[in-house]
Each structure stands twice: as C-alpha cells, then as structure tokens.
1. Could you pull out the residue among 628, 622, 650 that is under 11 Å from residue 586 (Cα atoms), touching a Phe, Trp or Tyr at 6+ places or on another chain (Cβ under 7 Å) and surrounded by fewer than 23 Cβ atoms within 10 Å (Cβ to Cβ)?
2. Select from the stretch 706-732 the residues that are out of contact with any Lys or Arg (no Cβ under 8 Å at 6 or more places or on another chain) and within 17 Å of residue 806 (Cβ to Cβ) and list them in ascending order.
3. Can you pull out the residues in the stretch 712-723 that are surrounded by 21 or more Cβ atoms within 10 Å (Cβ to Cβ) and not hydrophobic (A, V, I, L, M, F, W, C)?
4. Given the residues 520, 539, which is the only one that is within 25 Å of residue 381 (Cβ to Cβ), out of contact with any helix residue (DSSP H, G or I) (no Cβ under 8 Å at 6 or more places or on another chain) and aromatic (Phe, Trp, Tyr)?
5. Regarding the stretch 540-552, can at least one residue be identified that is assigned to a loop (DSSP other than H, G, I, E, B) and among the hydrophobic types (A, V, I, L, M, F, W, C)?
6. Given (1) surrounded by 17 or more Cβ atoms within 10 Å (Cβ to Cβ); (2) of a type in the set (S, T, N, Q); (3) within 29 Å of residue 163 (Cβ to Cβ), where does residue 233 come up short, assuming only one miss?
7. Kindly provide the set of residues from the stretch 257-292 that are part of a loop (DSSP other than H, G, I, E, B), open to solvent by 10 Å² or more (accessible area, probe 1.4 Å) and within 21 Å of residue 216 (Cβ to Cβ), ordered by number.
8. For the stretch 658-676, indicate whether the set of residues that are of a type in the set (Phe, Trp, Tyr), closer than 30 Å to residue 355 by Cα, modelled with pLDDT of 95 or more and open to solvent by less than 20 Å² (accessible area, probe 1.4 Å) is non-empty.
Amino acid sequence: MTHRIRRRDLLASTGLAGGVIAFGQMAAGSGTAHAERRHSTPPATRTGHYVPQMAPLQPVPFQKLPPGAVRPRGWLLQQLELQADGLCGRYDEVSDFLVYEDNGWVDPSKWAWEELPYWLRGLGDLGYVTGDDRILAKTQRWIEGILGTQSDDGWFGPEALRTSLEGGPDLWPGMPLLGALRSWQEYTGDERVVPFMTKYFAFQNSQPPEVFNRSWGAFRWGDNIDTAYWLYNRTGEEWLLDLVTKMHENSADYTNDIPTWHNVNLAQGFREPLQYGLLAGDPRFRKATYDLYDTVMKRFGQFPGGGFAGDENCRPGFGDPRQGFETCGIVEFMHSFEMLVRFTGDIVWADRCEELAFNSLPAALDPQQRSIHYITCANSIQLDDRVKHGQFDNGFAMQAYKPGVHQYRCCPHNYGIGWPYFTEELWLATTDYGLAASMYAPNEVRATVGEQGTVVTIVEDTDYPFDDRITLRVSTPHPVRFPLYLRIPLWAEGATVRTNGTVSARVSRPGTWVTIDRAWRAGDTVELYLPMRTSVRRWKANHNAVSVEHGPLTFSLEISERWERFAGSEAWPEYAVYPDSPWNYGLLLPDANPARTFELHKKPLGATNPFTPDGTPLRLRAKARRIAEWEADNEDVVGLLQPSPARTQAPVEDVTLIPMGAARLRITAFPTAVPGDGGRAWVLQPIATASHIFAWDSYEALYDGREPTSSADTSIPRFTWWDRRGTVEWVQLDLREPRTISQVSVYWFDDTGFGECRVPASWRLLWRDERGEWQPVSNPSEFGVELDRYNTVTFDPVRTQVIRIEAQLRETFSGGILELIV
C-alpha cells in the first residue's frame with residue numbers, strides 16, 4: 001500500500017477575482033520579516049493545493065488535508081491506540097454484521113445494511129491516522145471486495161436493498177460507505193474510486209423524486225451532498241449539481257422547519273441547508289442551519305457537554321441533564337461541526353467540536369474502549385443493564401457498557417469516526433496556500449504550503465486541553481512564505497502568541513483567527529498561550545442550574561465508581577457501574593465572582609489514560625452541601641432538577657470535581673444550595689410501581705403535570721399495562737409522606753382507532769394502612785371511565801402514604817393512564 005499526498009494544481013482553471021490576487025501578491029511580496037493579521041474569517045477563494053471548490057459552488061475558506069497528513073501524538077495517540085485494540089479496531093471479531101464471507105457489501109446475494117458502512121468509515125480513517133498495518137490491511141480487503149460488487153447500472157452492494165423501500169432502493173447505508181471510499185481514495189490515490197462513484201451517482205440520478213424522501217435517508221442527504229461536491233470538484237460533471245438539487249428539494253425540509261426530532265438525524269441533518277447553500281448561493285440557507293442549531297439547543301440542550309436531550313427522540317418536557325445523547329449523535333455532531341468549520345471559517349463550530357470531544361465522547365466508552373453504551377448523560381449516577389421507564393425514549397436498557405452488537409447495534413459500529421476525524425481536522429489547508437490550526441491536541445502535520453508548493457512539517461507539542469500552552473515547531477527544506485492561522489477559542493481571554501520567543505500578538509478579542517504571515521525557516525517556533533480560567537455557567541432555562549468550566553473542559557462531581565462485570569468475557573466485557581459515594585450535592589457559590597471559590601489542583605500528564613479519575617491531571621476543589629430531597633427514583637435514575645438555590649441545612653463539605661470526560665458517573669449540572677430560610681425547599685418526588693409497565697412507557701407520566709388534550713393524546717408520556725389484556729392490573733403511588741386524602745382523579749388513556757388500549761371495564765381505589773395492609777376506600781362516588789376528561793372519585797377521608805389503582809382490563813384490550821392527581 002502506498003501513501004501519497006498529491007498536490008492538485010487547479011490554479012489555471014479557477015478564474016481568480018482581482019482582489020484575491022492582490023491579497024496574495026501583497027503577502028508574497030512584502031519586504032517585512034512577518035506580519036500578524038486578524039480575520040474574523042479566513043479568506044475564501046478558489047485557490048489552494050488541496051482541491052478547491054469549483055464554480056459555481058461557493059468558495060470556502062478551508063480545504064481538508066488528506067487522511068494521514070495529520071498524525072496523533074501524546075494523549076491523542078493513546079486514545080487512538082485504545083480504539084485500534086478496542087471495539088473499532090477489532091469489532092469484526094465480535095459483530096456478526098462484519099463477517100466478510102457472509103456480508104452483502106462484498107457478496108450482493110447476502111443481506112447487509114448500515115453496520116459495515118458505519119464501521120468501515122471509522123476503521124479506515126483509524127488506520128490512516130495511525131499507520132497501523134493490521135488495520136490498513138483489513139480496510140483494504142473490504143474496499144477491494146466492495147469495489148468488485150458494482151453492477152452495470154451503477155448499483156453496488158446488497159441486491160436486496162434495491163427494492164427494500166416501497167419497491168425502490170434504500171440509499172441511506174451507501175452514504176457512510178461513500179465516506180469510507182473517499183478517504184481510501186485520498187489516502188492511496190486509488191484511481192478506481194472516482195469512476196465507481198460517478199457510476200453510482202448516475203444510478204441515484206435516475207431515480208424518481210419520491211425515492212429521496214424515504215426512511216433514514218430522507219433526513220441524512222447532507223452526507224450524500226457532501227460526497228457529490230467532493231466528486232464534482234474532481235470531475236467537473238455538471239449533472240452532479242443537478243443531482244444535489246434533486247436531493248435537497250425532495251428530501252426532508254430542514255430549511256423551513258424541523259422535520260425530525262430523532263437525535264442522530266438532527267446531528268447530521270441540521271447542516272444540510274448550509275451545504276445546499278454552497279450551490280444555491282442564497283444566504284437564507286446558511287441562516288437556516290444556524291437557526292436550526294440554536295432552536296434545538298435552546299429547547300433540548302440546556303446542560304453541559306455539547307449535546308442535547310435526544311436519547312432517541314427529543315420530547316417536550318424531557319430536557320433535564322439526566323436525559324442522554326446517543327453515542328452516534330456525539331460523533332455525528334462532531335463531524336458536522338468539523339465540516340462547518342471548513343465551509344464557514346466560523347470559530348464557534350471548532351469550539352463546539354472540542355466541547356463534545358473532550359467532555360462527552362470519552363465517557364461513552366469504558367476506559368479500555370472494549371465496551372460502549374448507547375446513551376451518555378450529563379447527570380448520571382448509575383449505569384446498569386435495566387430499562388429506565390420514564391427517562392429514555394426507548395424500550396431497552398441503554399446505559400450499561402457492552403460490546404452491544406445487537407442491543408446497541410448502530411453506536412458500536414459508528415463511534416469509530418470520532419477520534420480519527422477529529423485528528424484529521426486538527427489542521428486545515430487555506431485557500432491562500434497556508435495552514436490553519438483549527439483545533440488543538442498533540443500531533444504532527446505534513447502539508448504542502450506556499451505558492452510554489454513546499455512540503456513542510458509542523459510538530460505540535462501540548463497537553464491541551466489539560467494545559468493552556470501549545471508549541472509549534474516548523475521543519476522545512478528551505479525558507480517558504482505562507483500564512484499560519486491560529487484559532488483563538490471564544491473562552492480564551494488574553495491569549496498571546498510568541499514567534500521564536502518574541503511576543504508577536506496579544507489577542508484583545510477571543511473568537512478570532514490570528515494569522516502569522518512570514519517566511520518560515522527550519523527550527524522556527526510558535527508558542528500559543530490560551531489562558532484557562534475557571535468559570536461558572538448558569539443554565540437559567542434548566543432550573544437555574546450551574547456547571548463549572550476550565551478552558552474547554554467542563555467539570556463533574558467525582559463519584560467513587562464501582563465497576564462490576566455482569567456478562568461478557570475478559571476480552572469483551574459487559575459492565576455496570578455503581579456509585580460508592582454521595583452524589584446529591586448543591587454547590588455553594590457567592591453571588592459575586594462565584595468562580596473564586598474553586599481551587600485548581602494540577603499534576604503532570606502521565607501515561608495513564610487522562611479520561612479516567614486516576615489519570616486526569618486536573619482537579620477542582622469546591623464547597624457544597626448535600627440536598628437530602630434530591631434522590632434517585634425507583635429505578636436508580638438521578639432525580640430531576642428542581643429550582644435553585646435549594647434550601648438545605650446539611651453541613652458544608654469539600655468536594656472534588658474532575659473533567660467531565662473522565663467521569664463515567666457524574667453530576668455536571670449542579671443545583672446551588674443555601675442554608676437557613678433562603679432558597680427553595682425541594683419536594684420529595686412520588687415513587688410509582690406497578691404490576692406491569694410497557695418498556696417504552698413512563699412511571700413519571702402519572703404525576704408529571706402534563707395536561708392531556710384527549711384520551712388519545714400521544715404527544716405526552718403515558719403509563720400503560722400493554723400488552724396485558726383482560727387481566728386485573730394495578731399501579732400504586734408512594735406519596736413519600738402520610739397525607740389525608742379524600743379524592744383521586746384519573747385521566748384514562750384510550751387509543752381507539754389506532755391502537756389496542758381502552759378504558760378499563762372497571763376499577764377501584766385502595767389505600768395502605770399503618771399496618772401495611774390494603775384497604776378499599778369507603779363510600780366512594782362513581783369510579784368513572786369517561787373519555788377525554790378526568791374521572792374523579794371522592795370517598796371518606798383517609799390518612800395514608802400509598803394509594804393503589806386496581807383495574808379490570810377489557811377482555812381483549814389493554815389499558816393505561818395519562819395523568820393521576822392525588
């Protein structure tokens with residue numbers, strides 16, 4: 001296998017604007033040793049060494065370097081080596097979806113879907129950034145097999161997928177596989193890939209419009225659009241742009257609405273309008289992407305870590321930090337942010353990518369990357385293999401760490417793009433023949449720069465994000481002039497840049513690009529100082545909770561973690577993680593300068609994985625009080641946040657915070673706490689149990705306060721006994737303290753016309769006496785079963801802590817409750 005980074009000189013065909021030429025000539029002809037400039041966005045032209053945008057596509061400021069141009073070092077190399085020896089690098093030893101001889105992507109007579117495309121996309125780029133021969137050989141075998149499956153009409157892969165969607169093709173699983181083929185071509189220069197893709201896109205172009213609005217593909221055409229642009233910029237085939245318009249106009253409309261609340265669809269799809277805008281040239285498409293991101297995050301992203309509450313689908317009222325973000329969503333969101341940096345030059349997207357990479361991605365896997373979980377949450381106090389009714393929008397256990405071949409399915413196949421893509425996007429080529437440090441981590445980049453095309457190497461020495469100093473060392477065969485762009489994150493107040501030991505820039509405004517444009521010589525150094533300060537972020541839309549940040553890192557309460565292997569093997573374990581220390585703390589923060597209460601403790605970054613409690617080099621000490629009323633629910637899920645500040649008489653304690661990415665169990669969105677008569681008294685939440693509950697339903701639906709619009713209201717959570725039919729079933733509510741009650745109201749669920757739940761044939765109400773025995777209420781009014789209203793029963797007052805509804809279900813139907821008022 002050969003590794004060739006090719007310089008593609010397209011200058012003769014780009015039609016440069018005069019202003020751009022003047023800029024380039026001024027930079028090249030300046031007699032000064034160097035000049036620093038600040039740009040809100042680097043220049044976007046049609047020049048550059050790495051395949052610029054071809055007209056009529058809008059020029060963009062950055063070009064992606066070929067896979068392998070950036071090589072990881074330090075802690076980043078460690079993460080990639082763990083990945084190579086973990087699920088991604090060896091998942092074909094575990095997953096029956098990845099058996100070569102039985103896979104439809106190399107034998108079209110067999111079945112296959114998204115699993116191999118997901119996995120191969122991450123596997124290949126893992127090999128390209130690490131140079132791991134075992135992974136490269138494995139990648140080559142699959143690529144060779146895939147390239148051999150193409151039919152005369154351009155279709156490739158499983159024949160069954162040709163007609164699997166309403167008699168037409170399922171084009172979705174081919175999208176990530178095209179990404180794998182692109183990377184392979186850029187790494188090896190394989191001349192078969194471009195004609196292969198051209199033929200396949202011609203097949204897509206022959207499809208009727210309705211094909212583009214089916215199943216998962218309807219929401220993910222942004223991936224396909226990006227590949228179509230990639231191909232157009234290499235072939236100039238104008239019909240590819242017609243295909244892009246066909247994709248955009250006939251798939252889910254992200255420009256005028258939010259067409260889906262599925263978290264991975266959103267993580268991939270929100271960028272589609274801006275991508276189409278590179279062809280359409282209308283600024284409203286760029287605005288749509290920015291607006292869509294803001295809308296989703298304001299509604300469902302009101303907690304730290306960079307994700308949003310989409311544990312499968314975003315749901316109104318489910319925005320607490322105990323909600324989760326699917327692992328697929330983490331890596332797809334990162335990928336979207338990386339693309340948007342290249343398309344826009346906007347620093348905010350790089351900041352957002354780092355936030356996910358450093359704070360959310362590491363804890364999605366166990367420290368050895370041998371097991372994964374489906375959902376990662378900002379607040380999570382127990383990770384076990386149990387269904388959590390009411391917390392997550394899925395009927396299976398999603399928090400334990402497992403290889404998860406069938407339980408989690410998409411995530412362990414797909415997570416592998418996270419660190420490799422991040423590595424590749426650390427550096428970007430600029431259209432003025434320079435380089436840009438887009439994100440930071442220890443690495444080495446080898447790239448072509450300068451108008452004459454000189455290959456230089458820059459070694460980046462840093463422990464970032466665990467340290468605030470970054471040193472770049474330039475190696476070049478001869479002096480070469482090019483601009484070097486350095487991203488100054490939005491949080492980095494007071495950043496400075498030194499060139500060869502001399503201060504060359506003091507950055508008065510963060511969120512900018514600092515440019516050093518000079519003739520570079522071997523041995524030149526640039527030292528970037530990004531001051532990391534501890535700060536407090538207040539989440540007003542989530543009960544005024546707070547999070548604690550230090551530079552790009554968010555910090556979580558350190559909870560003692562007890563790991564138990566409940567299944568699996570030594571090589572591929574399945575773990576549950578339990579807390580062995582208290583977690584229900586509220587932080588003590590003064591109104592003025594709350595960050596001054598934190599004390600930073602730092603040690604050198606060692607050989608231990610820094611994304612673990614033992615390996616992290618950073619800790620914060622803080623003052624806190626326990627909030628006794630903040631409890632886990634009856635399924636060991638952290639209780640919902642209530643308004644801050646919380647009133648508590650508990651003593652002041654010193655607590656330790658560690659980086660969020662190092663904490664698998666964590667409280668990251670904290671309430672604040674005050675003593676005495678101040679603050680708000682927290683309320684103990686009821687605890688519901690039942691004879692049976694459907695896996696996708698919620699105990700908390702019984703008392704969540706969401707008013708139904710009808711008995712058939714499916715827009716709010718519900719409790720049902722599905723699929724029990726004709727039986728006597730019960731549900732009971734522990735009120736947490738004795739109360740005198742004389743009436744109870746029930747709003748029955750009934751999905752006549754589209755489901756098989758009905759109001760019960762009859763029901764009664766029981767209460768538990770002080771001896772623990774159940775008693776029927778005395779002198780009850782009618783036990784109503786009316787639709788679309790509360791059915792209120794009154795009775796002689798009783799003093800009790802626990803009530804029970806006992807229902808006789810109709811003979812062939814199940815039943816359920818939308819709301820219960822006591």
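The values are calculated or read from the model by the stated rules, or taken from the named source; none is laboratory data. Keep in mind that what you see is a predicted model, and the values were worked out from it rather than measured. Counting neighbours? That spans all protein chains shown, and the Cβs are built from the backbone with ideal geometry, glycine included. What goes into the accessible areas is simple: the full protein's heavy atoms, side chains included, and nothing from ligands, DNA or RNA. Shrake-Rupley method; radii C 1.70, N 1.55, O 1.52, S 1.80 Å.
1. Numbers: 628 fails: touching a Phe, Trp or Tyr at 6+ places or on another chain (Cβ under 7 Å); 650 fails: touching a Phe, Trp or Tyr at 6+ places or on another chain (Cβ under 7 Å).
Sole residue among the options that is under 11 Å from residue 586 (Cα atoms), touching a Phe, Trp or Tyr at 6+ places or on another chain (Cβ under 7 Å) and surrounded by fewer than 23 Cβ atoms within 10 Å (Cβ to Cβ): 622.
2. Selection gives 719, 720, 721, 724, 727, 728, 729.
3. Let us first name the residues in the stretch 712-723 that are surrounded by 21 or more Cβ atoms within 10 Å (Cβ to Cβ), namely 717-722.
Passing the criteria: 717, 718, 720.
4. Only one candidate passes the filter, namely 539.
5. Step one: filter the stretch 540-552 for residues assigned to a loop (DSSP other than H, G, I, E, B), giving 540-544, 551-552.
When the remaining residues are screened for being among the hydrophobic types (A, V, I, L, M, F, W, C), the result is 541.
Looking for residues that are assigned to a loop (DSSP other than H, G, I, E, B) and among the hydrophobic types (A, V, I, L, M, F, W, C), one finds at least one in the stretch 540-552, hence yes.
6. Residue 233 satisfies all of (1) surrounded by 17 or more Cβ atoms within 10 Å (Cβ to Cβ); (2) of a type in the set (S, T, N, Q); (3) within 29 Å of residue 163 (Cβ to Cβ) except (3).
7. Residues of the stretch 257-292 that are part of a loop (DSSP other than H, G, I, E, B), as a first pass: 257-261, 270-271, 281-282.
In the following step, the residues that additionally are open to solvent by 10 Å² or more (accessible area, probe 1.4 Å) were identified as 257-261, 281-282.
The answer is 257, 258, 259, 260, 261.
8. Keep residues of the stretch 658-676 that are of a type in the set (Phe, Trp, Tyr), which gives 670.
From what's left, closer than 30 Å to residue 355 by Cα: 670.
Still in the list and also modelled with pLDDT of 95 or more: 670.
From what is left, the residues that are open to solvent by less than 20 Å² (accessible area, probe 1.4 Å) are 670.
Taking every residue of the stretch 658-676 in turn, at least one turns out to be of a type in the set (Phe, Trp, Tyr), closer than 30 Å to residue 355 by Cα, modelled with pLDDT of 95 or more and open to solvent by less than 20 Å² (accessible area, probe 1.4 Å).
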